[in-house]
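J.: Input: one structure, supplied below.
The values are calculated or read from the model by the stated rules, or taken from the named source; none is laboratory data. Since the structure is predicted, the reported quantities are computational estimates derived from the model, not experimental observations. Glycine gets a Cβ as well: all are built from the backbone with ideal geometry, and neighbour counts include every protein chain shown. Note: accessible area is taken over every heavy atom of the protein model, side chains too, but ligands, DNA and RNA are not part of it. Shrake-Rupley method; radii C 1.70, N 1.55, O 1.52, S 1.80 Å.
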Amino acid sequence: MSRRNKTRPAGQGSQNSQVLTADAFSNALYHLGLGSQSPLEATEYPLTRLTDNYALLNSLYRDNWVVQNVVALMVDDMLREWYRLQGITPEEQTALTQVERRTRLRARINEGLRWGRLYGGAAGLIQIKGQEDLSKPLDLDLVFPGAFQGLYILDRWQGITPNIGLVFEAGEELPESYSITDGSGNTVAKVHHSRIIRFTGRELPRLERQTELYWGESEVEALYRDVVAHDNVSANMAALTFQANVNTMEVKGLQQMVSMAPGEVQRRFWQTMQAIAAVRSNFGMQLVEQGNKITNTQYTFSGLSEVYESMALNLCGASHYPMTKLFGRSPGGLNSTGESDLKHYYDYVDSQREAKLLPALQKLLPVLCMSAWGYVPEDLDISFPPLWTPTAKEVAEIVKGKAETIVTAYQAGLLHVDTAQQELKKLEDETGMFGSLTDEEITANAGKTYQDATALRDPLAGLLMEGTNGAESGTGETDPDLPEG
């Protein structure tokens, strides 16, 4: 809702008069719209920057299981299938895996991503044996086999602080160096940005990023109000169960007895009530004086489940989790399995792997290669395996459909044998099938067509084909061993 100045045209009213107009909806009679007395118009969104409240974030993470799930589940799913490198030999893959296991690299990246989501920022210090001067740029040529010692994870509040000075890295404006401090706040090292793997939370506009010292926003900040609403609704529902069955006893002159009777009379009355309560609790009966009346009121809490589910759905929307993932609850409704929700969720996890995990791996992979192999191949390509695992029936249907398409194109002469085999081998990553096709087999069939393969399987058909070709060429020569006709 905004206002703008609009100049009245010449000849309409006073010369060059300025009229303030509002380009928004307004209904003063019903107190609706801009400038009205509506409660909606009183709504404001003050800039709170909850990410800066370190104590509150710690308290929420330690105490609230919903916050723990919001922070951790996404990271676990991002790293569940890890990553794959294209164009390396099995021996190279084994050496790389050994380096990752020795340094517990996956666990360290998990920790960095987790604190980055909770606090809005964290960093991993690349530890290289033989390069103790951290203020200098990382020299990849001096990373010898076995030199990588792992990542040392520090969150933005306890251990690492950006220094003054900026540099462009991968098209992004980032701090040129960082200071690592001890528990007393004393700077123990100055670190060049090439030695730092950054883990940030939600992205912010440029001015807000500068305010946060080029870190991000905590994932908790965007859903804090929904967490408060969910916890309050849950606590009130639990408290209401104590009022599900209420007994009411009418006592004549109760008001005068409580307000005007001597203390001894009141004490005896309370003792009587306690005895009545004890008798009812132990034996299921209640004794009252003749003339007194007891009524029992039972409450039904219809609609509370819908209110609670509404709060839970708000949390799911704010955190990008489906109900089955965040709360561990089966979806409601007839014929609802939750598969579509999980597929949408895994699509979002894929986008997070590309945005958060891939930059960290791209910066770290050359160091891993030098430490594992002593060189960095030029054609390294990182890919992420799919998160959604199809059932055996779905896999069979996928293999059948794609294999039939390849075979049809091959039989039609559109593909050579080696090309068809390569297409079948590509199905290994998706379905696990045709992985036994070797490069030697594919190379041996280079240039062969479907007709060539048919001739090899049936020599008689091959000879007939040659005779037909000879007749068509006009030579008129036929094999004397072939029967006539």
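J.: Could you tell me whether segment 83-92 includes any residue that is acidic (Asp, Glu), surrounded by 14 or more Cβ atoms within 10 Å (Cβ to Cβ) and closer than 30 Å to THR161 by Cα?
T.: No; the residues of segment 83-92 include none that is acidic (Asp, Glu), surrounded by 14 or more Cβ atoms within 10 Å (Cβ to Cβ) and closer than 30 Å to THR161 by Cα.
J.: If a residue has to be within 20 Å of ILE109 (Cβ to Cβ) and more than 33 Å from the chain's Cα centre (by Cα) to count, how many in segment 135-145 make the cut?
T.: Here the count works out to 1.
J.: Also, I was wondering about something else. Return the residue satisfying two criteria in turn: it lies in segment 359-390 and is open to solvent by 30 Å² or more (accessible area, probe 1.4 Å) and among the aliphatic types (A, V, I, L, M), and of such residues it is nearest to PHE144 (Cα to Cα).
T.: Looking at the filtered set, the residue picked out is VAL376.
J.: Let me ask you something else. What number of residues in segment 199-245 are within 21 Å of ARG117 (Cα to Cα), open to solvent by less than 50 Å² (accessible area, probe 1.4 Å) and either outside any helix (DSSP H, G or I) or of a type in the set (Phe, Trp, Tyr) (or both)?
T.: Matching residues across segment 199-245 total 12.
J.: Sticking with this structure for a sec: Please verify whether ALA24 is modelled with pLDDT under 85 and over 29 Å from ASP231 (Cα atoms), treating the condition exactly as stated.
T.: Judged against the criteria, ALA24 is a match.
J.: While we're here: Kindly evaluate LEU342 against the criterion of being among the hydrophobic types (A, V, I, L, M, F, W, C), touching a Pro at 6+ places or on another chain (Cβ under 8 Å), touching a residue at least 40 places away in the same chain (Cβ under 8 Å) and surrounded by 14 or more Cβ atoms within 10 Å (Cβ to Cβ).
T.: yes
J.: Here's a follow-up. Which members of segment 53-74 meet the condition of being in contact (Cβ under 8 Å) with a residue 12 or more places away in the chain and either assigned to a helix (DSSP H, G or I) or of a type in the set (Ser, Thr, Tyr) (or both)?
T.: TYR54, LEU57, LEU60, TYR61, VAL66, VAL67, ASN69, VAL70, VAL71, ALA72, LEU73, MET74
J.: If you don't mind, there's one more thing I want to ask. Of everything in segment 100-136, what is open to solvent by 10 Å² or more (accessible area, probe 1.4 Å), farther than 19 Å from GLY201 by Cα and assigned to a helix (DSSP H, G or I)? Give them in sequence order.
T.: GLU100, ARG101, ARG102, THR103 - these are the residues of segment 100-136 that are open to solvent by 10 Å² or more (accessible area, probe 1.4 Å), farther than 19 Å from GLY201 by Cα and assigned to a helix (DSSP H, G or I).
J.: Give me a count of the residues in segment 359-393 that are on the phi < 0 side of the Ramachandran plot and either part of a loop (DSSP other than H, G, I, E, B) or more than 25 Å from the chain's Cα centre (by Cα) (or both).
T.: Result for segment 359-393: 24.
J.: Looking at LYS400, LYS448 in this structure, which one is in contact (Cβ under 8 Å) with a residue 12 or more places away in the chain, of a type in the set (Lys, Arg) and either open to solvent by less than 80 Å² (accessible area, probe 1.4 Å) or not in a loop (DSSP other than H, G, I, E, B) (or both)?
T.: Just a single option satisfies the conditions, and that option is LYS448.
J.: A follow-up question, please. Out of the residues in segment 163-196 that are β-branched (Val, Ile, Thr) and assigned to a strand (DSSP E or B), which is surrounded by the most Cβ atoms within 10 Å (Cβ to Cβ)?
T.: ILE196
J.: Moving on. Within segment 246-270, which residues are of a type outside the set (Phe, Trp, Tyr) and either touching a residue at least 60 places away in the same chain (Cβ under 8 Å) or open to solvent by 90 Å² or more (accessible area, probe 1.4 Å) (or both)?
T.: GLU250, LYS252, GLN255, GLN256, MET260, ARG267, ARG268, listed by residue number.
J.: On to the next question. Return the pairs, sorted by first residue and then second, in which the second residue is open to solvent by 100 Å² or more (accessible area, probe 1.4 Å), the first residue lies in segment 25-40 and is in contact (Cβ under 8 Å) with a residue 24 or more places away in the chain, the beta carbons are less than 8 Å apart, and the residues are 6+ apart or on different chains.
T.: Listed pairs, sorted by first residue: LEU34/MET1; LEU34/PHE25.
J.: Could you check, for segment 263-272, whether at least one of its residues is among the small types (Gly, Ala, Ser) and more than 56 Å from the chain's Cα centre (by Cα)?
T.: Looking through segment 263-272, at least one residue is among the small types (Gly, Ala, Ser) and more than 56 Å from the chain's Cα centre (by Cα).
J.: Is at least one residue of segment 275-285 part of a loop (DSSP other than H, G, I, E, B), more than 17 Å from VAL246 (Cα to Cα), at pLDDT below 65 and open to solvent by 100 Å² or more (accessible area, probe 1.4 Å)?
T.: No, segment 275-285 contains no residue that is part of a loop (DSSP other than H, G, I, E, B), more than 17 Å from VAL246 (Cα to Cα), at pLDDT below 65 and open to solvent by 100 Å² or more (accessible area, probe 1.4 Å).
J.: Moving on to the next point. Would you be able to say whether some residue in segment 213-220 is in contact with a Lys or Arg (Cβ under 9 Å, 6 or more places away or on another chain), of a type in the set (Asp, Glu) and over 16 Å from PRO137 (Cα atoms)?
T.: Yes, segment 213-220 contains a residue that is in contact with a Lys or Arg (Cβ under 9 Å, 6 or more places away or on another chain), of a type in the set (Asp, Glu) and over 16 Å from PRO137 (Cα atoms).
J.: Inspect all residues belonging to segment 423-432 and state whether any of them is of a type outside the set (Val, Ile, Thr), part of a helix (DSSP H, G or I), open to solvent by 40 Å² or more (accessible area, probe 1.4 Å) and closer than 30 Å to GLU111 by Cα.
T.: yes
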